[in-house]
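> Got a structure for you, questions after.
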Amino acid sequence: MIGRLNHVAIAVRDIAKAAQLYRRTLGAEVSAAVPQPAHGVTTVFITLPNTKIELLEPLGADSPIAKFLERNPDGGIHHVCYEVDDILAARDRLKAEGARVLGDGNPKIGAHDKPVLFLHPKDFCGTLVELEQA
Ligand code: CO
């Protein structure tokens, strides 16, 4: 059911510093920082030949990544994002398999303007999983 790895997301305290690290030290193609108030984060996308890295910095008072950064002060891998062809069919199959979909279970429009869902990390080997409709 899942398709390509769309991105790996890394939570950071200082997105300008992290973007510079990827641009200068690792020599990657790095986007401008984009505030995403609806998601409580600022994002930078790093384009690699086979996938992307999404840098996330908290934005606003109740950012969904604030607690993660309290537990991981140096930053860390926050989630992986897999592409699916049909997000509603994927959700229904996962729920039938007993997996927990976060939030109200309905897809939201994500950072790429495509429908996304998040799956409970306890059901997926301790890893927060994002599904994005390709
Ligand atoms: Co993501």
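The values are calculated or read from the model by the stated rules, or taken from the named source; none is laboratory data. This one's a predicted model, so the numbers in the text were calculated from it and none came from an experiment. Cβ atoms come from the backbone with ideal geometry, glycine included; neighbour counts cover every protein chain shown. Only protein heavy atoms, including side chains, enter the accessible area calculation; ligands, DNA and RNA are left aside. Shrake-Rupley method; radii C 1.70, N 1.55, O 1.52, S 1.80 Å.
> Please go through region 50-64 and pick out each residue that is out of contact with any Lys or Arg (no Cβ under 8 Å at 6 or more places or on another chain) and charged (D, E, K, R).
Lys52, Glu54, Asp62
> Among the residues of region 88-119, count how many are within 22 Å of Ala38 (Cβ to Cβ) and either within 16 Å of the ligand (Cβ to nearest atom) or in a loop (DSSP other than H, G, I, E, B) (or both).
Number satisfying all stated conditions: 19.
> Name every residue in region 53-74 that is closer than 19 Å to Val34 by Cα and outside any strand (DSSP E or B), in order of residue number.
Leu59, Gly60, Ala61, Asp62, Ser63, Pro64, Ile65, Ala66
> Of Val34, Val12, Val30, which residue is touching an Asp or Glu at 6+ places or on another chain (Cβ under 6 Å) and open to solvent by 10 Å² or more (accessible area, probe 1.4 Å)?
After applying the criteria, what remains is Val12.
> Looking at region 76-85, can you tell me whether even one residue there is within 13 Å of the ligand (Cβ to nearest atom) and modelled with pLDDT under 95?
no
> Quick check, is Asp62 at pLDDT below 95 and more than 14 Å from the ligand (Cβ to nearest atom)?
It is true that Asp62 is at pLDDT below 95 and more than 14 Å from the ligand (Cβ to nearest atom).
> Here's a follow-up. Among Arg23, Arg13, which is the only one that is more than 16 Å from the ligand (Cβ to nearest atom), in a loop (DSSP other than H, G, I, E, B) and farther than 19 Å from Lys122 by Cβ?
Arg13
> Here is a follow-up. So Glu54 passes all but one of these: (1) surrounded by fewer than 17 Cβ atoms within 10 Å (Cβ to Cβ); (2) within 15 Å of the ligand (Cβ to nearest atom). Which condition number does it fail?
(1)
> Which number in (1) in contact (Cβ under 8 Å) with a residue 60 or more places away in the chain; (2) buried (at least 19 other Cβ atoms within 10 Å of the Cβ); (3) within 11 Å of the chain's Cα centre (by Cα) marks the one condition that Val80 misses?
Result: Val80 passes all but (2).
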